[in-house]
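Chemist: This is the structure I have questions about; it appears just below.
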4 protein chains.
Amino acid sequence: MTQKTYDTHREHVAGRADVADTPELVAYYQALERLQTGALWTVANKIEPWQPRSDSVPVLWRYRELREHVLRSVALVTPEKAGRRVIYLDNPGRREMAAAVGWLYSGLQVMHPGERASAHAHSSSALRFIMEGRGAYTIVDGHKMTLGTNDFVLTPNGTWHEHGVEADGLPCIWQDGLDIPLVNALEAGFYAVHPDLQQAVGYPVDDAADIWGAAGLRPQNVNWNKPYSPLFKYQWAPTYEALLRLSKAREDNPFDGALMHYTNPASGGHVMATTGASMQLLRPGFAGKAHRHTGSFLYQVAKGSGHSVINGLRFDWQERDIFCVPSWAWHEHANASQTEDACLFCFNDLPVMEKLGLYREEALIDNGGHQPVLPPA
Amino acid sequence: MTQKTYDTHREHVAGRADVADTPELVAYYQALERLQTGALWTVANKIEPWQPRSDSVPVLWRYRELREHVLRSVALVTPEKAGRRVIYLDNPGRREMAAAVGWLYSGLQVMHPGERASAHAHSSSALRFIMEGRGAYTIVDGHKMTLGTNDFVLTPNGTWHEHGVEADGLPCIWQDGLDIPLVNALEAGFYAVHPDLQQAVGYPVDDAADIWGAAGLRPQNVNWNKPYSPLFKYQWAPTYEALLRLSKAREDNPFDGALMHYTNPASGGHVMATTGASMQLLRPGFAGKAHRHTGSFLYQVAKGSGHSVINGLRFDWQERDIFCVPSWAWHEHANASQTEDACLFCFNDLPVMEKLGLYREEALIDNGGHQPVLPPA
Amino acid sequence: MTQKTYDTHREHVAGRADVADTPELVAYYQALERLQTGALWTVANKIEPWQPRSDSVPVLWRYRELREHVLRSVALVTPEKAGRRVIYLDNPGRREMAAAVGWLYSGLQVMHPGERASAHAHSSSALRFIMEGRGAYTIVDGHKMTLGTNDFVLTPNGTWHEHGVEADGLPCIWQDGLDIPLVNALEAGFYAVHPDLQQAVGYPVDDAADIWGAAGLRPQNVNWNKPYSPLFKYQWAPTYEALLRLSKAREDNPFDGALMHYTNPASGGHVMATTGASMQLLRPGFAGKAHRHTGSFLYQVAKGSGHSVINGLRFDWQERDIFCVPSWAWHEHANASQTEDACLFCFNDLPVMEKLGLYREEALIDNGGHQPVLPPA
Amino acid sequence: MTQKTYDTHREHVAGRADVADTPELVAYYQALERLQTGALWTVANKIEPWQPRSDSVPVLWRYRELREHVLRSVALVTPEKAGRRVIYLDNPGRREMAAAVGWLYSGLQVMHPGERASAHAHSSSALRFIMEGRGAYTIVDGHKMTLGTNDFVLTPNGTWHEHGVEADGLPCIWQDGLDIPLVNALEAGFYAVHPDLQQAVGYPVDDAADIWGAAGLRPQNVNWNKPYSPLFKYQWAPTYEALLRLSKAREDNPFDGALMHYTNPASGGHVMATTGASMQLLRPGFAGKAHRHTGSFLYQVAKGSGHSVINGLRFDWQERDIFCVPSWAWHEHANASQTEDACLFCFNDLPVMEKLGLYREEALIDNGGHQPVLPPA
């Protein structure tokens, strides 16, 4: 029988725990365990690391590999039985919580023309990013929104919501993004199925965009103080156009090119209480420098192709591919084309990092700001 | 010799001052005056009215009457001598502070092609609303903005700013709006002439719109915490389009039709610390109900024709006319046309009322919500 | 018959108005007047001064001169007839609005044992600072508070409030401070007499202090989001003790010695939406340096004696004297004693200046930071 | 060899996943796994529970059992070797992250007279609650604070801090409370040892209390906008006195008696960005009703004795005992004495729940608001 050891985290550094096991100490530790306690110095160096250590690993999910599997789910399960037909992204380091990276969940969902999922509400903040198809729509608290490729829609914490595809549409695939792992970790998740299974549409279609979708204008007599954006839907065409204009008006950010955060127009802040999102444009030939920061980020390639180097590993991506950058991982992005721009959609937990005072970032200084790339495993 | 009386504000109401002059009291009052004091009960009912009493009177300034005078100033004074060639609106009740209404100043300024005013900065918050011409521009802290009819631009408290008209433009007239009377009243006004008399343009023309002008998008790495909007310029075309969409998506407000407040996209709040602005659309046939509220409001007719009833007086207005609604004055607006919409631009001191906890409003209940109209004087 | 002149504000400075009257221009100006307009260049230099010009003049009101007059009002008028028996401070530069300084009203009120004023509410924010007597109390929205010398109590905008003196007390005199002139100027004042003329007391006496009066503690389940402090009463003893502690823990501020702002414990901000208040301690021998800032300030000497130099004029003050510092006036304070400290209570319009972005300050650099004192007039 | 099953989370409820394994589906699932993906319907019901399920279990740590072990650590390890001599509380459901409950870490630390731990800084927000001894002190960013029993001190995220006991003191034991598990989970933890191992004291001892410790008073010229309280230390005597006053002024809260949240006096909010704390008084005979809410709470008995029922289990506690209430666990507290009051100190993650929009609570309706108590296991 192997005896349990307690001194596996020792560090020979002033101010850190450095206590070797002795028979007397081991007996002491065992007595503590019986009282549902432990000696801090046996775990201190582990639970107080010098800098963040992410359990997540960088992953690239290639759409050309996933797409057929997503489509195949239509034949395998009905929406009624499955709830939602979703293939979720399962980071090898985060299997237990079904996370794509950090505390972010993501999956690819398929729906056929005429299908409509049941309405529900949950404590998780959710978003969808449309990847292909025609006729997709989402209903949030009675507001129906039509959705095209690269559009992005919110279904925030506590709202009734449901998704569907119009009968005259085409099969649609979209990416779901949620903070399910975070809400579960915080032991704060509630889930409810709508009593009628489906919501009535109570407003003109796309009314949120008509009411809140003009820059620098706020409708009279709409007092919005919920912690999420009343705009709900963010369309691709004006977003892309805005990035082109930004890119013309300002120099590139050395790490991110031209990047816009999606915002809540009523406050100027993030789109939801726990989840941020952004779209960035890498102009032709852009080769960004490396930096790292706290927070977890999941990217989808909305346009173009290129590569990212994440903690020294190179990932080549094409349109619709998805990849993640774990917390405090060095990362840099490059556009593969000298003639076409590339765009990356991203969602993240920046609001959590910021509100809790935990955001920190660092630029790579050495090597001209670029990481040495490790050989493939 | 007439003796001064002190009992002109008596009210025979419990809780109000009701003290008649006596020789003994008058002697007492005179003794108080020598000590730079007074007896509150001689002025209490005056300084604590039951409800607001505005010194301002409702006025309609007709553009067809003013325009020739504005244009004539070009022949009469040079910009160098005049500083700015402006005809200001002088409310008969507010002559002493050169106010159009309440604590708001406004004037009509003319500038010829190739002219450029000297750059200055002041504590007042200012805006311009373009009425006619071609080639107008404003430079704010090095950002140059081009301006067309019904566009609106900010030159906030503390910013260097200057106006001009391109050499290949047409004579331009615009409305200036400032809180000069308020800042003077608060004894907080500073004024500075730019050391070089003119600013250098330090950014791409209209870059603010490229950076901040997309709904629901915020540029990365631009931390804006100044108390005014970084957008500076608000264009007519998207504003009018937004009003049409709002008008389609929601029922009219009974008093204002479809109204949008111009906002600071970084905060969702008013465009400047002391000054708000809005544009509203009265659809064909709209006949609004009457209400009243605290705060002073100055309107310019951006489109169409109609009338407003203000404290029982009817004012018929056409495009480019300007009229004011004093604090706590009943007012209602109507579109004269059954086929064309009408639009009213407005600037006001709502931010002051809101921040100081002094905003209050009341709807007219009687007479179907409409005021009896008094016969013209 | 003298002809009106229009060119009295000319300045021979680039960027300023400098237009001489001519017969043609005068005719033009008269035409403009008929249209309720004017030429900006005739008033621009007046309404856009280089720096603030206060209409208020520095005044010292000596309590030994005022006290007998205040007490005499008891014999002259009843509370029923007078509403309140108050002698108000009437700044020679602000007679028209009955202001002590700037937009601040202040008066000395007397009440005899057993008297109780009628309850009312108004849009003005009010405070009382107790000067002498025993048994004074104030009731605010049903909360009764007992008051001793140098205590200070709020009766904010919109609250029902009334004052009285217990039957077994002594005649009380206190200073009232209100923003009546500001609220009138903003044309936003409402006044109401309580329907029952007197409020019922609905809570334990002094409950606000029991609930909110502990530093760094907030009662559970009391959601306070009104724009004024729920503490209402600020007592002298803990305030003086706090100043002594502050004075021990930190070096003096060169202008103000040890100064504490009274705050709203629910927000950390000013006590009311429009009105701030502070108490400061000048330690024995303190001779402050001069500075100036925007905003109007009215001081009462809560303890000790000394002098202030305001715009070059020296005012020697004793306990209970009141003096004002107008906006942008240079001022410096000195304690006359080498053995006793001196304390100054102050109320002001700092919240207005700060919220509207109009606060600015400047230290005097020359002459070791002290003003040359002008000879008495 | 057992084959892995994928259908263990099925629910036969409309809107929930209910898909049985088939050979075809299992093959499909295995293909998905190779692509680092999975089928959502195999885990959906697990990761989207109907309501929060806490991994933590209710635990009572009895001080009479722990104390000797804590003291014994002095003989077993030196501060130099151990870093800190702490026995941490190890919730049986949270062993992996060394958490006392949810994402909260806590431990009991002992220090002998003359000992002084090395200075460090970390991203975790920390607090200490003094349990026994004399002469304890903490230094935070150069501010030294002396500490007595039931005092509570902050060492926030990013501050340099260290603890010690004066040479003429007595052995001290205190409870540490930190959000280490949360910061680790969010992969945002940094740790640094002070370059000199010890800080210099740069201010008068206990200056923070002198500057910020007066209710309703804010020092001039101290602009504090850090996300934690500048007061740092909260003393027992004024806290207990405040609870007695609160208890006199207001009716008890049915669940918590008289409870005060410790606050940041500069903002009125929680003491640190991620961590809240409170002290509550259960008056003699108090028997609170049951409720449940999201968030994790760790209690220490600061005074008296009583019991709590947590999810149906009864825990009898005495002074210095510590117990936890996991997220969404029913709980009710009762004072055992009919003559003495009892006080509970608590720290929690309420700021996290509130900022992320995840706080929810529910009162127990049945059984007069009291839980049926389960028989001991």
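Derivation of every value follows stated rules applied to the coordinates shown; laboratory data play no part. Just so it is clear, the model here is predicted, and its values are computed rather than measured. Don't worry about glycine lacking a Cβ; one is built from the backbone with ideal geometry, like all the others, and counts go over all protein chains shown.
Chemist: Taking θ as phi - 60°, what are the ³J(HN,Hα) couplings along segment D:280-297 by the Karplus curve (6.51, -1.76, 1.60), each to the nearest whole Hz, with x for Gly and Pro?
Modeler: Once rounded to whole Hz, the list reads 10, 10, 9, 5, x, x, 4, 10, x, 8, 8, 8, 9, 7, 6, x, 10, 9.
Chemist: Of the listed pairs B:Lys226/D:Lys226; B:Lys226/C:Lys233; B:Lys355/C:Lys144; A:Lys248/A:Lys289, which have alpha-carbon separations greater than 26 Å here?
Modeler: On the way: B:Lys226/D:Lys226 19 Å; B:Lys226/C:Lys233 35 Å; B:Lys355/C:Lys144 28 Å; A:Lys248/A:Lys289 20 Å.
The answer is B:Lys226/C:Lys233; B:Lys355/C:Lys144.
Chemist: Rg/Rh for segment B:60-212: what does it come to with C-alpha atoms and Rh from Kirkwood? Kindly include the intermediate steps, with their values, before the conclusion.
Modeler: Details: Rg = 15.2 Å, Rh = 15.9 Å.
On the Cα set of segment B:60-212, Rg over Rh gives 0.95.
Chemist: Give me the number: length gained by fully extending D:Ala14 to D:Gln198, i.e. 0.36 nm times residue separation minus the C-alpha to C-alpha distance, one decimal in nm.
Modeler: Numbers: separation 184, 0.36 × 184 = 66.24 nm, distance 6.22 nm.
60.0 nm is the gain from fully extending D:Ala14 to D:Gln198.
Chemist: Springs between alpha-carbon atoms under 10 Å, Gaussian network over chain D: tell me which of D:Ser56, D:Ser106, D:Ser267 tops the mean-square fluctuations.
Modeler: In the Gaussian network model the winner is D:Ser267.
Chemist: Moving on. Return the inverse of the average 1/r over all pairs of distinct C-alpha atoms in chain A, which is the Kirkwood hydrodynamic radius, in Å to one decimal. Kindly include the intermediate steps, with their values, before the conclusion.
Modeler: Working: mean 1/r = 0.0441 Å⁻¹.
After inverting the mean inverse Cα-Cα distance, the result is 22.7 Å.
Chemist: Oh, and also: What are the residues whose amide H is under 5 Å from the amide H of A:Met131, where those residues sit 5 or more places off or on another chain and H is modelled from the backbone?
Modeler: Residues meeting the criterion, in which the H sits 1.01 Å from N, are A:Asn150, A:Ile173, A:Trp174, A:Gln175.
Chemist: Return the average number of partner chain Cβ atoms within 10 angstrom of each residue Cβ along peptide C:217-225. Could you put the intermediate results ahead of the total?
Modeler: Values: counts 15, 11, 10, 12, 6, 2, 0, 1, 0.
Mean inter-chain Cβ contacts per residue within 10 Å come to 6.
Chemist: Moving to a separate point now. Relative to the compact-globule scaling 2.2 N^0.38 Å, provide the ratio for the alpha-carbon radius of gyration of segment D:1-87. Walk me through the intermediate numbers first.
Modeler: Working: Rg = 24.0 Å, N = 87, 2.2 N^0.38 = 12.0 Å.
Against the compact-globule rule of thumb, the ratio is 2.00.
Chemist: May I pose another question? For A:Leu374 paired with B:Glu65, estimate the spin-label separation in nm (one decimal), with each label point 7 Å from Cα along the Cα-to-Cβ line.
Modeler: Each label point is offset 7 Å from its Cα along the Cβ direction, giving 8.1 nm.
Chemist: In nm, give the distance between the simple-model label positions of C:Asp7 and B:Ser305, each being 7 Å from the Cα along the Cα-to-Cβ direction.
Modeler: With each label point 7 Å from Cα toward Cβ, the separation is 4.2 nm.
Chemist: Let me have the relative contact order for segment B:6-47, percent, based on Cα pairs under 8 Å that are six or more residues apart. Please report the intermediate quantities before stating the final value.
Modeler: Details: 39 pairs, mean separation 20.4, N = 42.
Contact order relative to length: 49 percent.
Chemist: Over all distinct alpha-carbon pairs, what is the Kirkwood Rh of segment B:235-369 in angstrom? Show your work: numbers first, answer last.
Modeler: On the way: mean 1/r = 0.0659 Å⁻¹.
This gives a value of 15.2 Å.
Chemist: What list of ³J(HN,Hα) values in whole Hz, one per residue of segment D:300-316 in order, does the Karplus curve 6.51 cos²θ - 1.76 cosθ + 1.60 (θ = phi - 60°) give from phi, with Gly and Pro shown as x?
Modeler: 10, 7, 7, 6, x, 8, x, 8, 10, 10, 10, 6, x, 9, 8, 10, 8
Chemist: Partner chain Cβ atoms within 10 Å, averaged over the residues of B:165-176 - can you pull that number for me? Before the final figure, lay out each step's value.
Modeler: Working: counts 0, 0, 0, 0, 0, 0, 0, 0, 0, 0, 0, 1.
The mean count of partner-chain Cβ atoms within 10 Å per residue comes to 0.
Chemist: How much net charge surrounds B:Asn184 when only the other residues with a Cβ under 11 Å from the Cβ of B:Asn184 are counted, with Lys and Arg +1 and Asp and Glu -1? Provide the component values of the computation, followed by the final result.
Modeler: Working: positive: C:Lys46, C:Arg53; negative: B:Glu96, B:Asp179, B:Glu187, C:Glu48, C:Asp55.
Summing Lys and Arg as +1 and Asp and Glu as -1 gives -3.
Chemist: Another question, if that's okay. What angle, in degrees between 0 and 90 and rounded to the nearest 10, separates the Cα long axis of helix D:23-34 from the longest principal axis of the Cα atoms of chain D?
Modeler: Approximately 40 degrees, to the nearest 10.
Chemist: Which GluC sites (Glu not before Pro) does segment D:187-290 hold that lie in a coil by DSSP with at most 12 other beta carbons within 10 Å? Mind showing how you got there, number by number?
Modeler: Details: sites: D:Glu187, D:Glu241, D:Glu251; in loops: D:Glu187, D:Glu251.
For GluC sites (Glu not before Pro) across segment D:187-290 that sit outside H, G, I, E and B with at most 12 neighbouring Cβ atoms in 10 Å, the list reads D:Glu251.
Chemist: Please determine, in degrees from 0 to 90 and to the nearest 10, the orientation of helix B:63-76 with respect to the longest principal axis defined by the Cα atoms of chain B, where the helix direction is its Cα long axis.
Modeler: 70 degrees
Chemist: So which lysines pass the test for B:Lys46, namely a Cα distance under 25 Å, with those fewer than 8 places away in the same chain ruled out?
Modeler: Counting by Cα, and skipping residues close in sequence, B:Lys46 has these lysines nearby: B:Lys4, C:Lys81.
Chemist: Further question: For segment C:127-243, what does the alpha-carbon gyration tensor say about shape, rounded, prolate or oblate, given a ≥ b ≥ c as the root eigenvalues, a/c under 1.5 as rounded, and a/b over b/c as prolate? Please report the intermediate quantities before stating the final value.
Modeler: On the way: a/c = 1.32, a/b = 1.10, b/c = 1.20.
It comes out rounded by the Cα gyration axes.
Chemist: Moving on to the next point. 222 nm [θ] for chain C, helices only, -39500 (n - 2.57) per DSSP H run of 4+, per residue, to 500? Intermediate results must be reported in sequence, preceding the final value.
Modeler: Working: 8 runs with 70 residues, N = 377.
Roughly -5000 deg cm²/dmol at 222 nm, from the helical runs in chain C.
Chemist: If you don't mind, another one. Before anything else, pin down the relative contact order of chain B: Cα pairs under 8 Å, at least 6 apart, normalised by residue count, whole percent.
Modeler: Details: 857 pairs, mean separation 53.7, N = 377.
Worked out over chain B, it gives 14 percent.
Chemist: Quick one: check the C-alpha center-to-center distance for segment B:20-57 versus segment A:338-371, whole angstrom.
Modeler: Centre-to-centre distance over Cα atoms comes out at 66 Å.
Chemist: What average number of partner chain Cβ atoms lie no more than 10 Å from the Cβ of the residues making up C:69-75?
Modeler: Details: counts 6, 2, 0, 3, 6, 0, 2.
For this peptide, the per-residue mean of nearby foreign Cβ atoms is 3.
Chemist: Calculate how steeply helix A:236-249 sits against the longest principal axis of the alpha-carbon atoms of chain A, using the helix alpha-carbon long axis, and give the answer as 0 to 90 degrees to the nearest 10.
Modeler: 70 degrees
Chemist: Taking the convex hull of the Cα atoms, report for the protein assembly as shown its projected area averaged over all directions, in nm². Numbers along the way, then the final one.
Modeler: Numbers: hull surface 251.8 nm².
Hull-based average projected area comes out at 63.0 nm².
Chemist: Which cross-chain or sequence-distant (5 or more) residues have an amide H under 5 Å from the amide H of C:Ala126, H modelled 1.01 Å from N in plane?
Modeler: The list, which skips near neighbours in sequence, is C:Thr155, C:Asn157.
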